[in-house]
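Working notes, beginning with the structure itself.
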Amino acid sequence: LINGNNSMWLVESDKQSTYAPLNSDVTVDFAIIGGGLSGLWTAYHLKTLDPSATVAVFEAESIASGASGRACGWLSGKPVGVREALAKVKGREAVIKTECLLREAVDKTIDIFTSYGADIGAHKGGTLTVARSESELKRLERSIQNDRAWGLTSDDLQFLNRHETLSRVQISEARGAAYMPSMARVDPAKMTQSLAAIVEKLGVAIHERSSVRFQGRRVTSNDYGINAKKIIVATEGYSAQLPFMKRTILPMNSSLIATAPLSENEWERVIWNNAEGISGMAHTYFYSARTPDNRIAIGGRGKPYRFASGFDTNGIVDNKTVQALKLLLDSLFPQVDLKVDYAWCGVIGVTRDWSPFVHQVAETGNIMLGGYAGQGLTAAYLGGRIASSLALDIDDDYASLPWVRDLPRKWEIEPLRWIGANGLYRVYSLADVLEHRKDSPKTVWFAGLADRIAGRVTK
Ligand SMILES: Cc1cc2nc3c(=O)[nH]c(=O)nc-3n(C[C@H](O)[C@H](O)[C@H](O)COP(=O)(O)OP(=O)(O)OC[C@H]3O[C@@H](n4cnc5c(N)ncnc54)[C@H](O)[C@@H]3O)c2cc1C
């Protein structure tokens with residue numbers, strides 16, 4: 001088992017750092033902090049909207065070393081954020097429009113990589129949200145009704161009965177699923193590294209090993225000054241390290257394991273021919289993908305949160321979490337004997353209302369974006385597009401989407417934050433155990449209460 005090294009994708013790609021650290025003072029129109037998808041898509045959109053703009057991206061470690069190079073690989077058009085929270089900003093129609101743009105972004109993104117000849121391992125097979133108990137099935141039905149009320153048509157979302165679900169993938173105990181076609185599985189590290197190569201071609205300067213520091217009004221990296229008309233902060237789950245972002249984004253841990261590639265014979269028993277992204281309706285969320293090199297990757301929270309917004313070390317996962325994910329994998333696919341090759345983890349950026357933001361500071365014009373709560377591969381494209389309109393003072397439809405808002409309210413101080421995040425996760429685990437044991441269609445009452453305390457009004 002290879003544990004850590006940021007992610008399987010980065011170990012397998014074995015790409016060396018190619019961009020020089022900042023080694024002199026620099027003056028640009030736009031300085032972007034963070035070499036993940038948010039920062040790189042912002043750079044891309046800035047250069048395509050205004051080719052004369054000078055843009056530089058500063059990455060503390062290397063391109064794709066953050067969440068973007070550690071993801072499971074769902075380039076998904078699923079809604080991002082809590083609809084009710086976002087509707088308070090600009091109303092219901094604006095939320096529906098944002099969701100439509102996210103679905104469109106899946107194809108747009110793939111087209112961009114194709115046009116540059118970049119292979120990101122994309123296969124558009126959609127997602128299956130699978131119910132494996134009576135209470136999960138009831139929640140799935142309610143969630144489909146809710147999606148319909150928010151404008152999703154039968155083109156966007158379909159219910160599959162048990163038989164239809166099993167004909168796509170042989171998941172044990174499956175009782176039904178929601179199928180959404182708007183998802184392509186990708187290799188997220190290749191996608192991020194390819195995007196860096198594309199923006200460099202467009203004239204963007206990229207600096208790796210260039211952590212940006214704020215010392216009063218002075219902005220530096222490696223002790224050299226960064227002078228920019230506007231700064232765009234695209235540090236997502238790592239934002240808690242910046243003085244002005246403390247407690248705005250909680251770095252929630254997410255862990256993954258990946259099996260050895262399955263043989264043809266094993267795939268015949270699993271099926272999964274269309275490489276759909278698979279997740280569940282349990283309170284303790286899991287997500288899974290058939291990777292471009294024919295492994296199964298499966299992820300979940302593990303230890304959800306480290307005290308005082310702490311981080312993992314190079315993506316190393318504790319043994320207990322690896323074992324828990326393997327148990328889950330074996331319970332989904334008992335018909336095959338799977339061997340785990342890789343384990344890794346990273347942080348996802350979660351705001352107090354579980355919804356994303358693109359915030360522009362009125363006095364400086366500087367911009368911060370993020371808060372995708374684990375769904376940033378597509379959201380970063382849209383977030384970057386919105387940030388570019390704001391940065392270039394373009395008053396278009398993107399600038400009036402509900403993600404454009406004040407910074408969400410801050411998370412609680414410690415130790416409340418630690419107790420809340422980890423305590424609620426225990427409550428969810430207990431709820432799953434009880435519901436599974438009873439096999440009643442009812443969701444246990446304290447799981448709903450936990451959702452309200454957490455701020456996750458809808459799931
Ligand atoms: C295990 C895991 C699985 C996931 N699976 C999926 C999935 O399948 N689908 C999906 O849509 N989303 C998934 N996500 C979430 C998704 O990866 C993120 O939402 C998305 O990548 C965020 O991109 P980003 O550019 O905003 O942040 P990041 O990719 O985290 O980039 C931020 C960068 O900022 C850099 N940085 C921080 N501070 C500084 C500084 N001071 N100076 C310079 N640089 C700095 C960091 O080093 C980092 O590289 C997953 C996340 C994890 C952790």
For segment 385-430, which trypsin sites (Lys or Arg not before Pro) pass both filters: DSSP loop (anything but H, G, I, E, B) and at most 15 other C-beta atoms within 10 Å?
409, 410
Kindly rank 67-80, 433-446, 90-103 from highest to lowest mean number of other beta carbons found within 10 Å of each residue.
67-80, 90-103, 433-446
Taking only protein heavy atoms and a 1.4 Å probe, what accessible area per residue, in Å², does the chain have with all protein chains in place?
41 Å²
Of 47/108; 15/190; 190/303, pairs whose Cα-Cα distance is over 20 Å:
190/303
Summing -39500 (n - 2.57) over the DSSP H runs of n ≥ 4 in the chain and dividing by its residue number, what mean residue ellipticity at 222 nm do you reach, to the nearest 500 deg cm²/dmol?
-11000 deg cm²/dmol
Scaled by the rule-of-thumb 2.2 N^0.38 Å, the alpha carbon Rg for the chain gives a ratio of 0.94
Semi-axes, largest first, in whole Å: what does sqrt of 5 times each Cα gyration tensor eigenvalue give for segment 1-131?
28, 23, 16
Which FRET efficiency, nearest 0.05, do residue 17 and residue 227 yield, Cβ-Cβ r, R0 25 Å?
0.50
In debye to the nearest 20, the charge dipole size for the chain, taken about the Cα centre with +1 at each Lys and Arg Cβ and -1 at each Asp and Glu Cβ, equals 1340 debye
Sorted largest first, the C-alpha extents of segment 275-328 along its principal axes in whole angstrom are 37, 26, 19
Using 0.36 nm times the number of residues separating residue 293 and residue 27, minus their current alpha carbon distance, what extension gain do you get?
91.5 nm
For peptides 231-241, 164-174, sequence by mean Cβ density within 10 Å, most packed first:
231-241, 164-174
As an exercise, find the ratio Rg/Rh for segment 221-295 from alpha-carbon atoms, using the Kirkwood inverse-distance average for Rh.
1.21
What whole number of Å gives the distance from the Cα centroid of segment 84-158 to the Cα centroid of segment 295-315?
25 Å
Could you tell me which helices of the chain pass both thresholds, a Cα extent of 30 Å or more along their own axis and a mean Kyte-Doolittle hydropathy of at least -0.5, with helices taken as whole DSSP H runs?
92-115, 416-438
Could you calculate the contour length gain from residue 2 to residue 316, that is, 0.36 nm times the residue separation minus the distance between their Cα atoms, to one decimal place in nm?
112.1 nm
At 7 Å along the Cα-to-beta-carbon direction for both residue 89 and residue 264, put a label point, then send me their distance in nm to one decimal.
5.0 nm
One would report the Cα pair-distance distribution of segment 139-246, bin width 5 Å, in %, as 2, 8, 11, 13, 11, 9, 9, 9, 10, 9, 5, 3, 0
With only Lys, Arg, Asp and Glu charged, each at its Cβ (+1 for the first two, -1 for the last two), find how big the charge dipole of segment 274-416 is about the Cα centre; round to the nearest 20 debye.
540 debye
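The values are calculated or read from the model by the stated rules, or taken from the named source; none is laboratory data. Predicted, not measured: the structure shown is a model, and the values here were computed from it. Note: ideal-geometry Cβ built from the backbone for every residue, glycine included; neighbour counts use all protein chains shown. For accessibility, only protein heavy atoms count, side chains too; no ligands or nucleic acids. Shrake-Rupley method; radii C 1.70, N 1.55, O 1.52, S 1.80 Å.
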